[in-house]
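Written below as structure tokens is the structure these notes are about.
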Protein chains: 4
Amino acid sequence: MGADRKYQVGILGATGMVGQWFIRLLENHPQFTVTALAASDRSQGKTYGQACAWRLPGGMPSYVRSMVIHPPHPPLDCEIIFSSLPADIAKKSEAAFAEAGYPVISNSSAFRMEPAVPLLIPEVNPDHLGLLDIQLREPGSNGGFLVTNPNCSTIVLTLALAPLQVKFGIEAVAATTLQAISGAGYPGVASLDITDNVLPFIEHEEEKIQQETRKILGLYRGDRVEDAPMLVSAQCHRVNVSDGHTVAVRVKLARPAELGELRNAFETFTGVPQSLGLFSAPSRPLIVRDEPDRPQPRLDRDAGRGMSVSVGRIARDAVLDYRFVALGHNVVRGAAGAAILNGELLIATGWLGKERKMKGSLADSSR
Amino acid sequence: MGADRKYQVGILGATGMVGQWFIRLLENHPQFTVTALAASDRSQGKTYGQACAWRLPGGMPSYVRSMVIHPPHPPLDCEIIFSSLPADIAKKSEAAFAEAGYPVISNSSAFRMEPAVPLLIPEVNPDHLGLLDIQLREPGSNGGFLVTNPNCSTIVLTLALAPLQVKFGIEAVAATTLQAISGAGYPGVASLDITDNVLPFIEHEEEKIQQETRKILGLYRGDRVEDAPMLVSAQCHRVNVSDGHTVAVRVKLARPAELGELRNAFETFTGVPQSLGLFSAPSRPLIVRDEPDRPQPRLDRDAGRGMSVSVGRIARDAVLDYRFVALGHNVVRGAAGAAILNGELLIATGWLGKERKMKGSLADSSR
Amino acid sequence: MGADRKYQVGILGATGMVGQWFIRLLENHPQFTVTALAASDRSQGKTYGQACAWRLPGGMPSYVRSMVIHPPHPPLDCEIIFSSLPADIAKKSEAAFAEAGYPVISNSSAFRMEPAVPLLIPEVNPDHLGLLDIQLREPGSNGGFLVTNPNCSTIVLTLALAPLQVKFGIEAVAATTLQAISGAGYPGVASLDITDNVLPFIEHEEEKIQQETRKILGLYRGDRVEDAPMLVSAQCHRVNVSDGHTVAVRVKLARPAELGELRNAFETFTGVPQSLGLFSAPSRPLIVRDEPDRPQPRLDRDAGRGMSVSVGRIARDAVLDYRFVALGHNVVRGAAGAAILNGELLIATGWLGKERKMKGSLADSSR
Amino acid sequence: MGADRKYQVGILGATGMVGQWFIRLLENHPQFTVTALAASDRSQGKTYGQACAWRLPGGMPSYVRSMVIHPPHPPLDCEIIFSSLPADIAKKSEAAFAEAGYPVISNSSAFRMEPAVPLLIPEVNPDHLGLLDIQLREPGSNGGFLVTNPNCSTIVLTLALAPLQVKFGIEAVAATTLQAISGAGYPGVASLDITDNVLPFIEHEEEKIQQETRKILGLYRGDRVEDAPMLVSAQCHRVNVSDGHTVAVRVKLARPAELGELRNAFETFTGVPQSLGLFSAPSRPLIVRDEPDRPQPRLDRDAGRGMSVSVGRIARDAVLDYRFVALGHNVVRGAAGAAILNGELLIATGWLGKERKMKGSLADSSR
């Protein structure tokens, strides 16, 4: 199974905000072809063109317009699942697809903290994919498995923390977020709630950041991931920005560092996606901005085609030693693009190949 | 000199955003009458109605419409100065008024950190007014003096810290602000910079919060104020909100406390303005909101006629022990209203009376 | 039944945006007391404090906090109904209340165009109340009746047209609206739809303006209202403004007029509410702004406590002879305040007295 | 002089909003190379990287970073001038360049209404280029000339009117605009003026639309352009949108038409840029949107890489027969892209060739 063949992809939650980004980002993807759409809402049975209120600039890609929307349970006419279902629905739906033998690459929060499920940022913890062996060894496995990407603000934060963790060690992180409205999906936040306003509350968000960050930065022990032993505190706010999560970060490092070393750690950071040249990988996962007023959502969210996180305002902090501001596109690097990059890593590392044969027999049985 | 007489007030910086709020808040004030307006810009010599682009809802109060705008140097036909001049102009102008014998109640940053100048929040550190004795004892004093109020975000933060400092002691504070555009004055922030955007930089703001907070919470030693020995870290952001600064706060207390004790400390907090019944004093300086999504600028900035700070999301924090979100109206409690409350405290504590006689002779000499 | 007694009011749609404004505006009303709340949603049976997500600055008035929410059908413990139910629910609910003998003062669109139902703006067409005789004379009448106020943008437009209609006659009106998000209720417009955007479509809005304007300005013929014979065209847009509808108007008058005459017609316009001194009536229904950049929503929507419409940019027009821009608060003058002013007019003109006796007997029968 | 060679371009007003778009759009242009930058402000003598506060997403193109900013008067090291200077400065500067022999392609309003200056939209009135002969025949001509593009909202409006004018004739147009903040340049509109607000006034804008539209749609008579004999009325508003002007249009046609004919006229409209395949020409100058809620700035401004105007809500109108809503990107199609397309048309039609020899000699003399 070479990188030169295209995988057939089914999208769960296709009509939502992240689903629309999946459809756009996969339109001309060299390794994935969208062959099936599914959604949990009343759009089932309609064509995508009829059912979906397309909210992204540029219009609905024509290739999905006449595709029919299926219910989100197997079988679906595809080899791989990309999912952005709501957590409660994902719990059942994604499990069903995995049990039926599909590799499920999910943006949902439903299974992120399951011990055997990789919570993956390809530049940060590609070794966590080893957890898939546990899933595949489970009795009754059909070769399906679950891989998840973190919460959108966690990704922005953790990508920026990764080089610090590697080079200096992190003892504590205090992150304060200013999150975009697209993070709540569509219709999401009511305009009356956010016009001329800040909302100091995003349900479950602080807990997700605090838990997920420690898992992602945790040590893969062959049979499990051991949470990183750092303290993580998150305070989350919704602000009147369409796309782009800003995270004000304070960190306490294990070893002292000069500011220039921090800056250098950010700027030289690369990972497996860069060395493998994955299609969606930005040339630089982190972009350092030295201007005093950057990063800004409007100017920096599209850096690296939405896959780079911009870091600025690196400075000493009176309380936690160091500080900086990180910013990334919450729906690209933080959701749809994250899942796609996970898929590309799965191909490059052979994990999609591993289940091919089983998938073949499944395909027969699911007819 | 009783509370029953009215003091004649001159406003420096009368055409600016804070100046307009001075004019509105003093329109029906029982103790102050605006008798003179001054500004540093090209509006001098024009009437206020001609010169000022009034930006506040409700229209320009008629009483100022035909008043002529003077240059910002003495003499001015008034007994007291309220100033919101830019710092560079204030440096010279406010000093000149103080030297000429006027009590100057300033919102400017020019003199806030001067050792002999009180940096006053009436509920927090009214005893710091004792510093005025140093000013009045200086050789050549005409009875004039300078009193300042803090930076707008510092006031919101420090009002919320005050009861914690008193009851539990504070070792460290990490404050992350989401500040309104009105804090930058008019025209201030360009719309292209803040529409669909966050600015992670407000010039000098982080330094101001870090310095001013320690001075305000510092101990008055009779001849000086000793900075509070706490660590203070501030990360400041401008967000697309018209009025109302939000501050996400993490604190490390000197003594452990139950969350209920924190909540109680906030809720029962009162100060000298409340016990004296000062005109602009809110009945509760701090209002605790228990809803998970409060405080919010649009819903809470006008609490206590803009003079109360709302506190919510009180919780334990993984890194600094405790956290909460504070919100206040940056132009009322954070600027014009702050200065006016300072003025009311000066009357109530007799400081305006103390300089009366000197002021009388000055008035003669300045003709 | 004098103006000195208080009428017991039931509010239908109490948890919605207009319902919340009813509750706020009636808090200290001299003639109305809220004694019952009803809503069509899942809030029934809960207290208002539990059920309502209060969205207005200043917090929920304490008087409603523990009131229980009833289903929106009779009987309700009140003498008069103020309704802001959605049109489809209002159709049945308001009819039921009217049949049960309640005077129903409705903000809903359900019955506005019914021939026997007054579509009322008290300054414009108070004589249309004569239609109530038709309702009361219907067989089986219990003394209940329906009075409606127009659509929010229609009110702003028509108040400004009224003096022109009286003085010069109107042949044609082309109105282009820029409407606030609060006009869509809560949650209403999704923030992703209106941030950095304009929506050129508000369902049924253009039709409503075109129909309602002609009815309101129509001639009361004793037994019916004859539509005004003018052409009315409306193009409607939603813009990113919280409150305040802006309407760009072009008019073709029947008789030529100098611009000064138009300005004078606006400025001197008053009506029955002003001459009767109704509690919610602004001293000036129309306020002329001569500044080139007014009216503006943020600066002018609260004029006359939200009950005045501001008119500016009066000029000749190349196509339709004259033009101007009108602006009013869409939820106060355009909805809740409109209904309340209708109620005050009903009291002042004796219409509420007329049904009192019948109402008394009804009260018995509905037990 | 073939289309295969590159022309050296100087940009006047390079640091402004339109100047930045010039720089971005010309980065990889096949026919133009930027060789000189000029500005009227204090940036002269600095490098562009130092002087320019780059406001566009994606960052400053590296090719301009070290170019030095010159004063806006000849000579400049280039063959052609693209100008977006403020009108008052353009008056002198552009005239000087034209007199010195440079073809000046201007976005400024300074010379738009000059009888001998083409006011050009390449799809609409390419024949107006004939006016250049008048300029070139003037005594003392060095071969330089002036070509202008219209005001940003005029372009959006007139592109949509053009097919109606051709097919049905237009007797009257009433246009109401909802214009983006970027149209005012940078810093432009103060955020306090437009947050939660509408401004019903843009200086000179209504006059520009009314005059320019009639000139653009006017008849070229060999030696002059005769204004189109239609009535044009414009009411202009600024709304809280970053980019994209929305125009609500009502038209009175000379000949009756079915709605389908109007729609067809819009949809099939093409012009010289399309037939010549000019680089910046969109395949469709007008894109018809049939959804009831389109066009919208956020979804449609980038259509045709910002060069297409979207038209929707085509309907009969009660007052002026027909109506529709047009939307275009005000800085691309409305300014920088408009000037570049003008430049491309000048190349394709040989006008830049015509002045080549004279330009050659000028180049010598200007050393």
Checklist line | Any chance residue D:83 is in contact with a His (Cβ under 8 Å, 6 or more places away or on another chain) and away from chain C (no Cβ under 14 Å) | finding: no
Item checked: Selection count where residues are touching a Gly at 6+ places or on another chain (Cβ under 8 Å) and over 15 Å from residue B:125 (Cβ atoms), scope segment B:152-197 -> 12
Item checked: Pair list, Cβ under 6 Å, 6 or more apart: segment B:275-291 residue touching a residue at least 60 places away in the same chain (Cβ under 8 Å), other residue surrounded by fewer than 13 Cβ atoms within 10 Å (Cβ to Cβ) -> B:279/B:30
Margin query: Just to confirm my filter: which helices (runs of 4 or more DSSP H) fall fully inside segment B:124-202 and include at least 1 residues that are in contact (Cβ under 8 Å) with a residue 12 or more places away in the chain and surrounded by fewer than 20 Cβ atoms within 10 Å (Cβ to Cβ)?
Written below: B:132-137, B:152-167
Check: Residues in segment A:143-162: is at least one over 30 Å from residue C:18 (Cα atoms) and at pLDDT below 95?
Finding: yes
Item checked: Residue ranges of helices (runs of 4 or more DSSP H) in segment A:208-317 with at least 2 members within 10 Å of another protein chain (Cβ to nearest Cβ) and charged (D, E, K, R) -> A:297-300
Notebook entry, point to check: What number of residues within segment A:231-259 are out of contact with any strand residue (DSSP E or B) (no Cβ under 9 Å at 6 or more places or on another chain) and either in contact (Cβ under 8 Å) with a residue 60 or more places away in the chain or of a type outside the set (D, E, K, R) (or both)?
Noted result: 4
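Rundown of residues vs (1) outside the structural domain of residue B:156 (by TED's automatic domain parsing); (2) under 30 Å from residue A:233 (Cβ atoms), yes/no style:
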residue	(1), (2)
B:281	no, no
B:284	no, yes
B:289	no, yes
B:292	no, yes
B:300	no, yes
B:345	yes, no
Note to self: residue B:20 - would you say it is within 23 Å of residue C:300 (Cβ to Cβ) and not in a loop (DSSP other than H, G, I, E, B)?
What the structure shows: yes
Notebook entry, point to check: Does segment D:116-131 include one or more residues that are more than 23 Å from residue D:90 (Cβ to Cβ), assigned by TED's automatic domain parsing to the domain that holds residue D:236, at pLDDT 95 or above and within 17 Å of the chain's Cα centre (by Cα)?
Noted result: no
Check: When you go through D:289, D:263 one by one, which is the residue that is within 22 Å of residue A:58 (Cα to Cα) and out of contact with any Lys or Arg (no Cβ under 9 Å at 6 or more places or on another chain)?
Finding: D:263
Margin query: Considering only residues that are part of a helix (DSSP H, G or I) and polar (S, T, N, Q), which ones fall in segment B:318-357?
Written below: B:342
Margin query: Testing residue C:55 on (1) within 14 Å of chain B (Cβ to nearest Cβ); (2) without any contact (Cβ under 8 Å) to a residue 40 or more places away in the chain, one condition comes back false. Which one is that?
Written below: (2)
Next item on the list: Test each condition in (1) over 23 Å from residue D:199 (Cβ atoms); (2) in contact with a helix residue (DSSP H, G or I) (Cβ under 8 Å, 6 or more places away or on another chain); (3) charged (D, E, K, R) for residue C:133 and report the one that comes out false.
Entry: (2)
Next item on the list: Mind counting the residues in segment C:33-42 that are within 16 Å of residue C:18 (Cα to Cα) and either acidic (Asp, Glu) or out of contact with any Pro (no Cβ under 8 Å at 6 or more places or on another chain) (or both)?
Entry: 4
Check: Within segment D:96-110, is even one residue on the phi > 0 side of the Ramachandran plot and either surrounded by 15 or more Cβ atoms within 10 Å (Cβ to Cβ) or not small (Gly, Ala, Ser) (or both)?
Finding: yes
Next item on the list: Quick one: in segment C:253-285, of everything that is under 19 Å from the mean Cα position of the chain (by Cα) and polar (S, T, N, Q), which residue is surrounded by the most Cβ atoms within 10 Å (Cβ to Cβ)?
Entry: C:280
Check: Across segment B:21-52, which residue is surrounded by the fewest Cβ atoms within 10 Å (Cβ to Cβ) among those that are among the polar types (S, T, N, Q) and free of Cβ contacts under 8 Å to residues at least 40 places away in the same chain?
Finding: B:28
Checklist line | Hits in segment B:175-200 - residues which are within 21 Å of the chain's Cα centre (by Cα) and within 16 Å of residue A:247 (Cα to Cα) | finding: B:175, B:176, B:177, B:178, B:179
Checklist line | From A:65, A:55, A:42, residue being assigned by TED's automatic domain parsing to the domain that holds residue A:347 and at pLDDT 95 or above | finding: A:65
Item checked: Candidates C:353, C:312 - the one that is assigned by TED's automatic domain parsing to the domain that holds residue C:260 and not hydrophobic (A, V, I, L, M, F, W, C) -> C:312
Next item on the list: Consider residue A:341 carefully, then state whether it is away from chain B (no Cβ under 14 Å), in contact with a helix residue (DSSP H, G or I) (Cβ under 8 Å, 6 or more places away or on another chain) and at pLDDT 95 or above.
Entry: yes
Next item on the list: Considering each residue of segment C:185-202, count those that are within 14 Å of chain A (Cβ to nearest Cβ), under 12 Å from residue C:239 (Cβ atoms) and touching a Leu at 6+ places or on another chain (Cβ under 9 Å), and give that number.
Entry: 4
Checklist line | Verdict on residue D:238 being buried (at least 21 other Cβ atoms within 10 Å of the Cβ) and either within 16 Å of the chain's Cα centre (by Cα) or closer than 24 Å to residue D:180 by Cα (or both) | finding: yes
Checklist line | Checklist (1) surrounded by fewer than 24 Cβ atoms within 10 Å (Cβ to Cβ); (2) in contact (Cβ under 8 Å) with a residue 60 or more places away in the chain applied to residue A:332, failing item | finding: (1)
Checklist line | Hey, residue D:111 more than 15 Å from residue D:151 (Cβ to Cβ) and either part of a loop (DSSP other than H, G, I, E, B) or touching a residue at least 12 places away in the same chain (Cβ under 8 Å) (or both) or not | finding: no
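The values are calculated or read from the model by the stated rules, or taken from the named source; none is laboratory data. Computed from a prediction, not measured in an experiment: that's the story for all the values here. So basically every Cβ, Gly included, is an ideal-geometry build from the backbone, and we count neighbours across all protein chains shown.
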